[in-house]
There are 2 protein chains.
Amino acid sequence: MKVNKKRALSLLTGAVLGLGMASSAYSQASLEDVMKARGLTQKDLLAAAKTYTPTGARDEYLAFSSGGQSGHVIVYGIPSMRILKYIGVFTPEPWQGYGFDDESKAVLAQGQIDGKDIKYGDTHHPAFSETDGEYNGRYLFINDKANPRIAVIDLHDFETKQIVVNPFFKSAHGGAFVTPNTEYVMDAAQYAAPFEKGFVPLEEFNDKYRGGLTYWKFNDKVGRLEPENSFTFEMPPYSQDLSDAGKGPSEGWGFTNSFCSERYVGGIERGRPPFEAGCSQKDTDFMHVTNWKKAAELVAAGKVKKVNGQYLITMEQAVKEGIFFLIPEPKSPHGVDVSPDGTHIIVSGKLDSHAWVYSWEKIQKAIADKKFEGKDPYGVPIIAMKDALRTQVQVGLGPLHTQYDSKECVVYTSIYVDSMVTKWDYCEGKVLDQLHIHYNIGHLVAMEGDSASPDGKYLVSLNKLAIDRFNPVGPLHPQNHQLIDISGDKMQLLYDMPLPLGEPHYVVAIKADKLKPVVRYKSGWNSRADKRSEFRTRAGREKTVREGNRVDVYGTVIRSHITPEIIEVEEGDTVSLHFTNLERAQDETHGFAMYGQNVNLSIEPGKTVSATFKAEKAGVYPYYCTEFCSALHLEMQGYLLVKPKGYKAKAGKASEGTKYTKADFDKQVKTNVDTQAVIDSVVAFITSHNYKDFKTVVDLVTDATDQLGFAAEAKKKSEGFAAKGDYQNATLWAGQHWQYQVKTADLGLRAKTHLEENGAKKVK
Amino acid sequence: MKVNKKRALSLLTGAVLGLGMASSAYSQASLEDVMKARGLTQKDLLAAAKTYTPTGARDEYLAFSSGGQSGHVIVYGIPSMRILKYIGVFTPEPWQGYGFDDESKAVLAQGQIDGKDIKYGDTHHPAFSETDGEYNGRYLFINDKANPRIAVIDLHDFETKQIVVNPFFKSAHGGAFVTPNTEYVMDAAQYAAPFEKGFVPLEEFNDKYRGGLTYWKFNDKVGRLEPENSFTFEMPPYSQDLSDAGKGPSEGWGFTNSFCSERYVGGIERGRPPFEAGCSQKDTDFMHVTNWKKAAELVAAGKVKKVNGQYLITMEQAVKEGIFFLIPEPKSPHGVDVSPDGTHIIVSGKLDSHAWVYSWEKIQKAIADKKFEGKDPYGVPIIAMKDALRTQVQVGLGPLHTQYDSKECVVYTSIYVDSMVTKWDYCEGKVLDQLHIHYNIGHLVAMEGDSASPDGKYLVSLNKLAIDRFNPVGPLHPQNHQLIDISGDKMQLLYDMPLPLGEPHYVVAIKADKLKPVVRYKSGWNSRADKRSEFRTRAGREKTVREGNRVDVYGTVIRSHITPEIIEVEEGDTVSLHFTNLERAQDETHGFAMYGQNVNLSIEPGKTVSATFKAEKAGVYPYYCTEFCSALHLEMQGYLLVKPKGYKAKAGKASEGTKYTKADFDKQVKTNVDTQAVIDSVVAFITSHNYKDFKTVVDLVTDATDQLGFAAEAKKKSEGFAAKGDYQNATLWAGQHWQYQVKTADLGLRAKTHLEENGAKKVK
């Protein structure tokens, strides 16, 4: 009954118990039994086969969804519809350490409004960076509607790098949309407001409240927006909505729709009809057409003035320069979608039953001919509907957003009130198919459906209500994204996917193999600033530096210890912890949490992060690793000791909880020798096979070799103490030697199993 | 080409275009084609059939997972493995308005430490409330390891209602675990620390640092923990870990394991071996056995003193009263699991290869006979291993946590280092099956596997690493929960599920039909305090009340307007917004966000929430509904106007953006008459069928009837203005009438489709 370390480790060889390591037995139940028991039809089974993704298999597309009011971006795979990641963007998120480490706090601080930290965002429309109108897989942009901001996410590590605040708007629904080579990111205002700070009465709405459209300049080389080189079109107070950039023949132009061009101001509490009545009275609103190429030239030529620190193109200037026009569009629209070849623009209004197809050729001609049906009250020329429209197609009640198929002329429009998707041909002007969804679809997304060459294949319907689709989870329901197969003539519903956090508005989907994210950072990396951290620390160089009341701790984390394990400061000190993750192994993230101080870090391999706080109260503050990283993860711990000011330590040394003798040391050494034999046998197995043909195994072997290196150091220390007769420290270091051996064995076993399961061959 | 409202609405009848409303066509691709194209095996197809859940179908079990450092709880369905909800617990979460409305801020404020808001939690172990050892589906408890706290989630609405802070501990890994009738919630300390606030040097670790176990008293009637009636066992500084409560013969007792009973204090930076070495040196740690029934009697008898405001049972008292014992257990264990019948306890150590099965009968006898092998340094009696243990079974290297099957004596143990699940028989002491997982499993969960009558069927392996299982998403990987079919003799891997946010530690799974969550609140409900809100507001009773510098706005939200639409305050005012959602319809949540003020609310049907902020700067602050609730959701907007102090309005009234004439009014009225005809035809369809047999339809009809009621009011107003010759207001109110009609039609159409798709019958 006695515990025996050797016995404990004997299993390392995998030969014990006479059982195969993996169960290869087949289930007893037949497919038919399962289908019957679960009430599945043949159609369900086909849908299951089209979506089920076995362990280790990859999804073909990655969808990047706005997280709505969660302030995050949601990444999921298609067709498996499994959510892979929530990326913190406008809202602090502790799992990622986002808004907890100093580096990401600095990103969030860029998004302050009137000097105030904004603690959430209402994310709406994500957009990929593009090259020649094709998604290039490098960056993702997303807006915050509530607090007009745009964020930049770097897709090489899926982290938010920058937040910019619009200097004019007080809301911004209409972002982000990019120009074909990511020269600019478009972002339109929503609710008209004065461009200046300060109070302006609503009675002056027509005169002093304004809408607008900002073209944020993007610097592709450094991956950051440049507010100082961005410009904004002043626009009438028409509630500008979504945008799209022209491409091909329409490249250089932008299209932005709007609602409430009635400029109605509600006031139920004053006995007036509500906004919803006054903002939907006219049959049409206005599509806004802007020429960003020419605007950029004006800026470059020094012809545009800066207001609030950013270039502002007034309506007067825009009209004078001929770079801003209006075209009637169906009322209360949502979505203005340029065709892949840039020749057409589709808009539909949520209170109409038609999708309207505009011809860029006709629009261009009207502009060239200066053929306008008049001007709006702000002097902006209006192109007549007949001079811009190609056709109107009856698609269903409440059409909203259109996505393009890989097949020429074929599009999909979400139909809000009728709760369906209509597939139609915008060249022929005819409906091809309709599919009911549950319930009340908002936006939809086809694969690369916003790009110059859409992929078709799948469509996701972003439903605004779930109602009865899922197990009930209280009054607040998840959203429901429904996956639809569009590879055939008829659409086929494949999958209902609940969204567990946030109300997504818009999704973009990219071919997964366009993304090449890294799995580790360069050693000592400040990921938010994209450079080596000034606080990076190498193994063995950990130190604590005091300067006045400031204490800087340069520490490291690695399986399974934090260095330093004891940090001593004084009450009132400002403490800055800087931790570098020394791991090179994939997925070996360490966390760092400390009692009562809001210190909570996520430290991925190679990363250096900092946490600065004031040690306000004397006390004992345990800290530990929060990511289960190894067998002794729970023992990856330490203490911050905050001493009262002027505290004098008493003389005397504490006795250790447990004392060790030469017998303990010898026992541990014996265990280690036995363990090494096991490791050697695993190593022999690996090296006798073609392990270099398996990238996963090569990575594991590299990691295991590192761990064995550490083991050697611990062994040396242990032997040093033993030589001096200090069996306390000799035993403890021998124990540490064994810990490294266990980590090595863990890795070796994983490598061995991988080789066995993937048909590795014996080499001579 | 002219827009025609009648034409727009003609689709309401669903008869246009000659197309069926739903596509019933079958996909072109055969099952075999799909399997070949996607590389699926027959085994994959079977797994797909066992997990795929078609639209509208329900999951059999709901899993409640800790969200790790995200501070949330994650709810997902089994076997579909779809995540249904993230519940905000210790971390503010804007989608739910959690930490943004005053009501939930008050819940989070309960969790302050030293007067400081704690902005995250490291959630570890969820536990359901129980009746007679069975999950009763009423409450869920979860701990925060980093900042020792316990939260209470009410499963009638899936909201966090209470947070309590441990008055003694500085960390608490070992919660939450409940006694068989939820009398108490167990929560053990992890990293030993002084029970008092203030600094105590590590040199006094043995004498002044302490571990402990708190039994939080739960009041089942009000659904809240009672700190004043809770008690804590003082324990040696042994890093107490997880617990489980006895049941059946062992009811009244609790079991808590531990690690680092060496009481080792590291200090790498001082040249000492790290914690991981010193904390894993001994072959055994201690299982702690406590008698909570007797402890509760001592408390009731007034024999226990209060410290830090809570009852503290000192080690001296516990030993004297015979309610605290130690038993050797395998070193560095994680998980102490009482068998469903309460007769056995299984513990395993992560550096061992055995699971140890303890007999409660033997333990009880040793206690009764006062048969101890000695005392620990703190005087706590130690029961000898041989007097407690039934057997040790070799299950694999790094056994961690055990769950019970529905079959007698059958258990599943997670094997960390070997990355597998071992199925074994603890009565016979033999291994039955082993299944590899990817990679490095931590905890596992079987269906109701912690209860007095486990269900078996499915097992979920909570893997700590994902590595190469999913599409790469940067250095920070998702977690991987693998679903395993345990209904047969051999375990079968069914599904890999990425966890996109947070690192879950522990999961509990309950039969879904035990949960009866509501879909709406009683009207005007403060959900966090579980009572009618003092700020509830009924339709038509909206008002703004000023008292000194405080402005209280009593408002409402409903499709598609916010009342009031204009709020005027002065710079420096403290503004309290109180909104009640007037909706009764399921899933008709409205959001409320305001520019630059961190005001962001989620208002589910019936709920009243408040947001209090200081209007610091004069300006214009748009606000709007953030949940896409209806076709005119974007028009659900308003303005907060913050006027400079002493601002005097100028004379004069603004002109409206658009003017309406009698012709506009007549046109709108005609549209409304036509629309009403469409509604009538839909109503005729519904009432001519057995719609009352369909709960969904009855709900929709109730909602539609409400909307029609509002329509009648708007119509009356419209006609009143027309009678006075005020065609501006007459037209606008007629437009509002139409808006209500559109909402009615939306609901009617949904009801009609539901009847058609679900085989409703015509009634005579």
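Would you check if B:F218 is farther than 27 Å from B:C260 by Cα, within 22 Å of the chain's Cα centre (by Cα) and surrounded by 23 or more Cβ atoms within 10 Å (Cβ to Cβ)?
Taking the combined requirement at face value, the residue satisfies it.
Quick one: which residue in A:T589, A:T544, A:T608 is over 23 Å from the mean Cα position of the chain (by Cα) and among the polar types (S, T, N, Q)?
After applying the criteria, what remains is A:T544.
Just to be sure I understand, how many residues within region B:363-387 are in contact (Cβ under 8 Å) with a residue 12 or more places away in the chain, more than 30 Å from A:H633 (Cβ to Cβ) and within 13 Å of chain A (Cβ to nearest Cβ)?
2
Collect the residues in region A:569-584 that are assigned to a loop (DSSP other than H, G, I, E, B) and on the phi < 0 side of the Ramachandran plot, keeping them in residue-number order. Please lay out each step first, then the result.
Within region A:569-584, the first condition is being assigned to a loop (DSSP other than H, G, I, E, B), and the residues that meet it are A:571-573, A:582-584.
Answer for region A:569-584, where residues must be assigned to a loop (DSSP other than H, G, I, E, B) and on the phi < 0 side of the Ramachandran plot: A:E571, A:D573, A:L582, A:E583, A:R584.
Just wondering, is there one or more residues in region A:114-125 that are touching a Pro at 6+ places or on another chain (Cβ under 7 Å) and surrounded by 24 or more Cβ atoms within 10 Å (Cβ to Cβ)?
yes
Would you mention how many residues in region B:647-663 are touching a residue at least 60 places away in the same chain (Cβ under 8 Å) and surrounded by fewer than 23 Cβ atoms within 10 Å (Cβ to Cβ)? Before you say what the answer is, go through the steps one by one.
Going through region B:647-663, the residues touching a residue at least 60 places away in the same chain (Cβ under 8 Å) turn out to be B:647, B:656, B:659-662.
Cutting the leftovers down to surrounded by fewer than 23 Cβ atoms within 10 Å (Cβ to Cβ) gives us B:647, B:656, B:659, B:661-662.
So the answer is 5.
Please enumerate the residues belonging to region A:614-624 that are part of a loop (DSSP other than H, G, I, E, B) and open to solvent by 10 Å² or more (accessible area, probe 1.4 Å).
If the condition is that a residue be part of a loop (DSSP other than H, G, I, E, B) and open to solvent by 10 Å² or more (accessible area, probe 1.4 Å), then A:E616, A:K617, A:A618 are the ones that fit.
Can you list the strands (runs of 3 or more DSSP E) lying wholly within region B:267-357 that have 3 or more residues being buried (at least 24 other Cβ atoms within 10 Å of the Cβ) and within 33 Å of the chain's Cα centre (by Cα)? Lay out the reasoning, then the answer.
Working: elements: B:284-291, B:310-313, B:324-330, B:333-338, B:344-349.
The strands (runs of 3 or more DSSP E) meeting that bar are B:284-291, B:333-338, B:344-349.
Per-residue answers, yes or no, for (1) of a type in the set (A, V, I, L, M, F, W, C); (2) outside any loop (DSSP other than H, G, I, E, B); (3) farther than 30 Å from B:R750 by Cα; (4) within 7 Å of chain A (Cβ to nearest Cβ):
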| residue | (1), (2), (3), (4) |
| --- | --- |
| B:Q586 | no, no, no, yes |
| B:G591 | no, yes, no, yes |
| B:S602 | no, yes, no, yes |
| B:P605 | no, no, no, yes |
| B:T612 | no, yes, yes, no |
| B:T626 | no, no, no, yes |
| B:A631 | yes, no, no, yes |
| B:V642 | yes, yes, yes, yes |
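Of everything in region B:617-634, what is in contact with a strand residue (DSSP E or B) (Cβ under 8 Å, 6 or more places away or on another chain) and not aromatic (F, W, Y)? Give them in sequence order.
Once the filter is applied, which keeps residues that are in contact with a strand residue (DSSP E or B) (Cβ under 8 Å, 6 or more places away or on another chain) and not aromatic (F, W, Y), region B:617-634 yields B:K617, B:A618, B:G619, B:V620, B:P622, B:C625, B:T626, B:E627, B:C629, B:L634.
Do the conditions hold for A:H477, that is, is it more than 21 Å from the chain's Cα centre (by Cα), open to solvent by less than 20 Å² (accessible area, probe 1.4 Å) and within 7 Å of chain B (Cβ to nearest Cβ)? Step through it out loud before you land on a result.
Working: more than 21 Å from the chain's Cα centre (by Cα): yes; open to solvent by less than 20 Å² (accessible area, probe 1.4 Å): yes; within 7 Å of chain B (Cβ to nearest Cβ): yes.
Taking the combined requirement at face value, the residue satisfies it.
Quick check on my filter: what residues within region A:680-705 are assigned to a helix (DSSP H, G or I), farther than 18 Å from A:V519 by Cα, open to solvent by less than 70 Å² (accessible area, probe 1.4 Å) and touching a residue at least 24 places away in the same chain (Cβ under 8 Å)?
The answer is A:S681, A:V682, A:V683, A:F685, A:I686, A:Y691.
Being at pLDDT 95 or above and within 14 Å of chain B (Cβ to nearest Cβ) narrows it down to one residue among A:K197, A:K208, A:K221, A:K217; which is it?
Among A:K197, A:K208, A:K221, A:K217, only A:K208 is at pLDDT 95 or above and within 14 Å of chain B (Cβ to nearest Cβ).
Going by the structure shown, is B:A539 crowded, with 23+ Cβ neighbours inside 10 Å, over 30 Å from B:Q479 (Cα atoms) and either modelled with pLDDT under 95 or within 10 Å of chain A (Cβ to nearest Cβ) (or both)? Walk me through it before giving the result.
Details: crowded, with 23+ Cβ neighbours inside 10 Å: no; over 30 Å from B:Q479 (Cα atoms): yes; either modelled with pLDDT under 95 or within 10 Å of chain A (Cβ to nearest Cβ) (or both): yes.
No.
Only one of (1) open to solvent by 10 Å² or more (accessible area, probe 1.4 Å); (2) more than 22 Å from A:E571 (Cβ to Cβ) is not met by A:K607, so which one is it?
(1)
Among the residues of region A:717-747, write down those that are among the hydrophobic types (A, V, I, L, M, F, W, C), open to solvent by 30 Å² or more (accessible area, probe 1.4 Å) and either within 11 Å of chain B (Cβ to nearest Cβ) or under 44 Å from the mean Cα position of the chain (by Cα) (or both).
If the condition is that a residue be among the hydrophobic types (A, V, I, L, M, F, W, C), open to solvent by 30 Å² or more (accessible area, probe 1.4 Å) and either within 11 Å of chain B (Cβ to nearest Cβ) or under 44 Å from the mean Cα position of the chain (by Cα) (or both), then A:F721 is the only one that fits.
Scan region B:315-344 for residues that are β-branched (V, I, T) and under 17 Å from B:I382 (Cα atoms) and report the count.
Of the residues in that region, 3 qualify.
Is region B:12-30 home to any residue that is at pLDDT below 95 and buried (at least 24 other Cβ atoms within 10 Å of the Cβ)?
Yes, because at least one residue in region B:12-30 is at pLDDT below 95 and buried (at least 24 other Cβ atoms within 10 Å of the Cβ).
Can you work out which of the residues in region A:560-586 that are open to solvent by 10 Å² or more (accessible area, probe 1.4 Å), in contact with a Lys or Arg (Cβ under 9 Å, 6 or more places away or on another chain) and farther than 20 Å from B:K197 by Cβ is modelled with the highest pLDDT?
Restricting to residues being open to solvent by 10 Å² or more (accessible area, probe 1.4 Å), in contact with a Lys or Arg (Cβ under 9 Å, 6 or more places away or on another chain) and farther than 20 Å from B:K197 by Cβ, the top hit is A:T574.
Would region B:450-466 turn up any residue that is within 16 Å of B:T422 (Cα to Cα), at the interface with another protein chain (Cβ under 7 Å from one of its Cβ atoms), surrounded by fewer than 24 Cβ atoms within 10 Å (Cβ to Cβ) and not charged (D, E, K, R)?
No, because not a single residue in region B:450-466 is within 16 Å of B:T422 (Cα to Cα), at the interface with another protein chain (Cβ under 7 Å from one of its Cβ atoms), surrounded by fewer than 24 Cβ atoms within 10 Å (Cβ to Cβ) and not charged (D, E, K, R).
How many of the residues in region A:238-284 are within 14 Å of chain B (Cβ to nearest Cβ) and either in contact with a helix residue (DSSP H, G or I) (Cβ under 8 Å, 6 or more places away or on another chain) or not aliphatic (A, V, I, L, M) (or both)?
We begin by selecting, within region A:238-284, every residue within 14 Å of chain B (Cβ to nearest Cβ); these are A:238-242, A:257-284.
With either in contact with a helix residue (DSSP H, G or I) (Cβ under 8 Å, 6 or more places away or on another chain) or not aliphatic (A, V, I, L, M) (or both) added as a condition, the list becomes A:238-241, A:257-267, A:269-284.
Final tally of qualifying residues: 31.
Counting only residues that are open to solvent by 20 Å² or more (accessible area, probe 1.4 Å), acidic (D, E) and at the interface with chain A (Cβ under 7 Å from one of its Cβ atoms), how many does region B:37-92 have?
1
Per-residue answers, yes or no, for (1) closer than 18 Å to B:Y76 by Cβ; (2) in contact (Cβ under 8 Å) with a residue 40 or more places away in the chain:
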residue	(1), (2)
B:N480	yes, yes
B:I484	yes, yes
B:G488	no, no
B:L501	yes, yes
B:W525	no, yes
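The values are calculated or read from the model by the stated rules, or taken from the named source; none is laboratory data. Please read all numbers here as calculations on a predicted model, not as lab measurements. Here Cβ is always computed from backbone atoms with ideal geometry, including for glycine, and neighbour counts include all displayed protein chains. These accessible areas exclude ligands, DNA and RNA; they are computed on the full protein's heavy atoms, side chains included. Shrake-Rupley method; radii C 1.70, N 1.55, O 1.52, S 1.80 Å.
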